[in-house]
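*Asks:* Here it is, the structure, as structure tokens.
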Amino acid sequence: MNHVMKIGFGVVLSLMTLVSVAAADEFKLSNNQRISCSRGLSAGKLNTATCKSYAYLFNVKTSEYFRCQVSLALTRDNKEVINVQTDGGCTKKPRIFETDGNYSFDATETEPPNTNSFFGPGGYSIWASDNTAQKVRGCIIISSGLGSDISKCLDMSFQ
């Protein structure tokens, strides 16, 4: 009986390992991360540098994705670092395709707001494709400057 329990336990462990590996393969990190930094001078000769970076985590089965952001703010004077603050997290976004499948994905951010963003903090573009068919969808998401983002997607035609 003890031998049967050991075999059963081994089978359960094997299945759990296979399930966890399969689940891990459903999410892919985008290949196109961006970082932007800015500097500012404060009263009393303090210098502040703030950097932000974005990445995207994509579910290759459902085409849902997460937009992730991390930021770091560093304040220093001429002799020492006075303060370091970090913040970040991921926000779930809607599906790009309506049905489950096997998808690829990439994303890119706009440059910092003072270069090519007209209405607010900028936007980003999303590209997703079906790995089993000639199907590509491109999406652009921009800030409206009125509190909500505007998102439009377009299926690509092939000529």
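The values are calculated or read from the model by the stated rules, or taken from the named source; none is laboratory data. What you see is a predicted model, and the numbers here were worked out from it, not measured in a lab. We place every Cβ from the backbone using ideal geometry, glycine too, and count neighbours over all the protein chains shown. Just the protein is used for accessible areas: all its heavy atoms, side chains included, with ligands, DNA and RNA removed. Shrake-Rupley method; radii C 1.70, N 1.55, O 1.52, S 1.80 Å.
*Asks:* Which of the residues that make up the range 107-137 are open to solvent by less than 70 Å² (accessible area, probe 1.4 Å) and modelled with pLDDT of 90 or more?
*Replies:* Residues satisfying the conditions are Ala128, Ser129, Asp130, Val136, Arg137.
*Asks:* Let me ask something else about it. Please determine, by comparing only the residues of the range 74-99 that are of a type outside the set (D, E, K, R), surrounded by 14 or more Cβ atoms within 10 Å (Cβ to Cβ) and modelled with pLDDT under 90, which one is farthest from the chain's Cα centre (by Cα).
*Replies:* Checked the range 74-99; the qualifying residue farthest from the chain's Cα centre (by Cα) is Thr75.
*Asks:* Take the residues in the range 43-73 that are of a type in the set (Lys, Arg) and in a strand (DSSP E or B), then tell me which one is least open to solvent (accessible area, probe 1.4 Å).
*Replies:* Among them, the one singled out is Arg67.
*Asks:* Which pairs turn up if I take residues in the range 71-100 that are at negative phi and look for partners that are in a loop (DSSP other than H, G, I, E, B) and of a type in the set (S, T, N, Q) with beta carbon separation below 7 Å, at least 6 apart in sequence or on another chain?
*Replies:* If the second residue must be in a loop (DSSP other than H, G, I, E, B) and of a type in the set (S, T, N, Q), the pairs left are Arg95/Thr62; Arg95/Ser63; Ile96/Ser63; Phe97/Ser63; Asp100/Thr62.
*Asks:* Of the numbered conditions (1) over 28 Å from Ala133 (Cα atoms); (2) modelled with pLDDT of 75 or more, Asn2 satisfies every one except a single condition; which is it?
*Replies:* (2)
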